[in-house]
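First the structure, in the form of structure tokens, and then the observations on it.
Coordinate-derived values only; no laboratory data. Worth saying up front: this structure is predicted, and the values here are computed from it rather than measured. Using ideal geometry, Cβ is built from the backbone for each residue, glycine included, and neighbour counts are taken over all protein chains shown.
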Protein chains: 2
Amino acid sequence: MQDEGAPQLTQAVLQSFSGAPDPRVRTVLHQLISHLHAFVREADLTMDEWHAAIDFLTRTGHASTATRQEFILLSDVLGVSMLVDAINHKGHTGATETTVLGPFYVGEHRVTPHGTDLVPGAPGERVFVDASVTDAAGRPLDGAEVDVWHADGAGLYDVQQPGYTPGEPAMRARFVTGADGRFNFRTLVPCSYPVPTDGPVGELLAAGNRHAMRPAHIHFLLRAPGFEPLVTHVFVAGDKYLESDAVFGVKPSLIARLETRDDATWPDGTPAPARWHRLAYRFALKRVP
Amino acid sequence: MQDEGAPQLTQAVLQSFSGAPDPRVRTVLHQLISHLHAFVREADLTMDEWHAAIDFLTRTGHASTATRQEFILLSDVLGVSMLVDAINHKGHTGATETTVLGPFYVGEHRVTPHGTDLVPGAPGERVFVDASVTDAAGRPLDGAEVDVWHADGAGLYDVQQPGYTPGEPAMRARFVTGADGRFNFRTLVPCSYPVPTDGPVGELLAAGNRHAMRPAHIHFLLRAPGFEPLVTHVFVAGDKYLESDAVFGVKPSLIARLETRDDATWPDGTPAPARWHRLAYRFALKRVP
């Protein structure tokens with residue numbers, strides 16, 4: 001055989017895309033093909049390994065549904081999501097740092113009143129999230145939309161729970177800030193939990209002898225006209241997985257302290273349980289350049 | 001922000017897999033993550049492009065079914081399949097060269113008698129495939145199993161046709177060689193045809209301004225005890241797409257001439273149509289080392 005290492009093959013593939021009308025498509029495909037072929041050559045991939053890769057990708061696609069995104073999870077555990085995040089959020093002076101969207105954002109677009117308990121009636125300790133939205137200089141933003149979502153005490157998002165009914169969200173809400181830029185709500189204290197391990201990504205973590213845990217956090221997606229959307233989490237200080245998040249999402253500026261309280265009333269004046277918590281955070285948005 | 005180019009992130013991801021018990025898993029994941037992160041950095045991938053990639057991969061998974069493998073097709077059009085083939089078939093002295101399996105191998109494991117017409121009753125010119133299976137020294141192999149599959153005059157494999165019934169194959173058979181190593185069959189003359197373009201891979205080809213055509217060929221998968229399985233095609237000489245196969249699968253040694261004949265009988269002595277063709281090929285298998 002001529003072409004033992006198949007350099008001509010790689011050249012032929014690159015050449016085949018050289019007529020792409022969009023120069024960005026041409027550039028990205030050139031870089032993708034170069035790295036993909038270099039990886040296959042370096043790894044000296046066997047036919048069986050190639051078959052295993054095809055099977056892994058196919059099952060990752062099949063595991064992705066309306067309420068679960070296994071390819072996002074794969075991107076997360078390989079650090080690709082946080083890398084794309086880092087590349088796209090350079091120089092965020094004064095603005096809140098970003099982190100992964102995660103695979104469980106499905107949105108809840110009905111506006112929820114401030115103070116609402118996101119899991120009414122469910123047993124477990126409550127946290128009062130007392131937050132505000134400002135610009136990078138600290139000026140309050142009126143009418144900012146804030147989507148919130150988090151997992152329950154068993155580590156499951158509403159869409160993962162048996163008997164989940166679309167259109168009946170739990171631990172998921174949208175708030176709109178007032179003129180003071182503030183919003184608040186009550187919910188269960190979040191806890192650390194594993195990413196789903198019953199799919200192909202679980203197999204990958206097991207093959208790497210990696211744990212699947214994420215430190216306790218609440219997801220936030222904030223939007224205001226004239227500002228860049230902010231996708232982030234607030235992590236709970238003291239969590240044992242802050243240094244080894246399965247998706248590499250922790251940034252020190254996103255960690256907040258859970259303050260334990262025994263006041264007889266919530267900050268909004270309604271009667272509180274004997275023991276509750278407060279988590280305060282200010283989100284600063286970056287103006288669209 | 002510290003860590004602008006996020007080199008610490010890549011180190012953290014590599015480190016997270018350093019405890020993989022299998023050294024091969026460790027090595028391959030290290031190479032994969034290094035190239036994947038280098039690609040994302042070089043491409044300076046935007047959030048929208050990352051979302052588009054997640055969506056593309058997800059739809060590629062969803063397009064993959066029991067009778068269609070869109071990830072294999074993706075691997076094919078990116079030249080990855082032929083690269084893996086090249087890496088795994090170095091030094092095939094005397095043995096027939098290999099090429100891609102393609103996305104339409106579903107197997108037909110019932111043995112078919114020699115001489116069978118694979119598309120009985122279908123209109124169109126016939127070719128008599130007159131083949132033999134030998135070792136690399138040319139000695140005939142008795143009892144070799146030969147799986148054959150190809151597309152019809154419209155470029156469709158049986159599994160792609162409307163009304164396809166599993167278990168009722170067309171243009172798909174398994175032959176077993178006799179003591180002389182020979183097998184033969186009749187079928188429609190294959191023609192060049194496009195790979196499926198109604199899925200994500202079709203979008204990729206369109207974005208690259210690439211044609212989707214494959215030169216006319218018949219697929220063969222050959223197995224014999226003590227020999228390596230041989231996955232290959234025989235291409236029809238003179239086809240206009242031999243130089244630009246959409247999946248980069250052509251090797252000169254796999255091209256055979258279609259000999260046009262007007263003998264009144266087929267080689268097996270039965271009455272032949274006024275005009276038919278003969279395609280002769282000898283497959284040489286490589287002994288397992």
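Rounded to the nearest 500, the helix-only mean residue ellipticity at 222 nm of chain A stands at -7500 deg cm²/dmol, with each DSSP H run of n ≥ 4 adding -39,500 (n - 2.57). Taking a straight Cα-Cα cut-off under 28 Å and skipping sequence neighbours fewer than 8 places away in the same chain, the lysines within cross-link reach of A:Lys251 are A:Lys90, A:Lys240, A:Lys286. Counting every pair of alpha carbons in the stretch A:99-145, the share spaced more than 17 Å apart comes to 60 percent. If one puts a single equal scatterer on every Cα of the stretch A:133-289 and applies the Debye formula without solvent, what log₁₀ I(q)/I(0) results at q = 0.18, 0.20 Å⁻¹? One equal scatterer on each Cα of the stretch A:133-289 leads to -1.26, -1.39. In terms of its Cα atoms, chain B spans 82, 42, 35 Å along the principal axes, sorted from long to short. Farthest towards the positive end of the charge dipole of the stretch B:74-285, among the residues B:Ala173, B:Thr270, B:Ala284, is the Cα of B:Ala284, using unit charges on the Cβ of Lys, Arg, Asp and Glu. Based on the convex hull around the alpha carbon atoms, the stretch A:31-106 presents an average projected area of 6.9 nm². What is the local net charge at B:Gly249, summed over the other residues whose Cβ is closer than 13 Å to its Cβ (Lys, Arg +1; Asp, Glu -1)? Surrounding charge for B:Gly249 is -4.
Basic side chains Lys and Arg get +1 at the Cβ, acidic Asp and Glu get -1 at the Cβ, and with that the dipole of the stretch B:74-285 about its Cα centre reaches some 260 debye.
If you take the alpha carbon atoms of the stretch B:156-228 and fit the smallest convex hull around them, that volume is 160 Å³ per residue.
Of all DSSP bridge pairs formed entirely within the protein assembly as shown, close to 70 percent run antiparallel. Take the alpha carbon atoms of the stretch B:174-251, find their center, do the same for the stretch A:165-193, and report the distance between the two centers in whole angstrom. Using only Cα atoms, the two centres lie 56 Å from each other.
If we count other beta carbons within 10 Å of each Cβ, what is the order of A:Lys240, A:Lys251, fewest first?
Values: A:Lys240 10, A:Lys251 20.
Going from sparsest to densest Cβ surroundings: A:Lys240, A:Lys251.
With neighbours defined as other Cβ atoms within 10 Å of a residue's Cβ, the residues A:Thr60, B:Thr46 order from fewest to most as B:Thr46, A:Thr60. Counting only Cα atoms, the stretch A:37-160 measures 58, 40, 25 Å along its principal axes, largest extent leading.
For B:Pro120, the label point sits 7 Å beyond Cα toward Cβ; its separations from the matching points on the remaining copies run 7.1 nm, from shortest to longest.
The value obtained for the protein assembly as shown, namely the Cα convex hull volume divided by the number of residues, is 169 Å³ per residue. With q set to 0.12, 0.24, 0.27 Å⁻¹, the log10 of I(q)/I(0) for the stretch A:7-68, from the Debye formula over equal scatterers at the Cα positions, is -0.46, -0.97, -1.02. Just want to confirm a number: the relative contact order over chain B, from Cα pairs under 8 angstrom separated by 6+ residues, in percent. Relative contact order here is 21 percent. With q set to 0.13, 0.15 Å⁻¹, the log10 of I(q)/I(0) for the stretch B:220-289, from the Debye formula over equal scatterers at the Cα positions, is -0.57, -0.71.
In which sequence would B:Lys286, B:Lys90 go, from the one with the fewest C-beta neighbours within 10 Å to the one with the most?
B:Lys90, B:Lys286
DSSP beta bridges confined to chain A are antiparallel in about 70 percent of cases.
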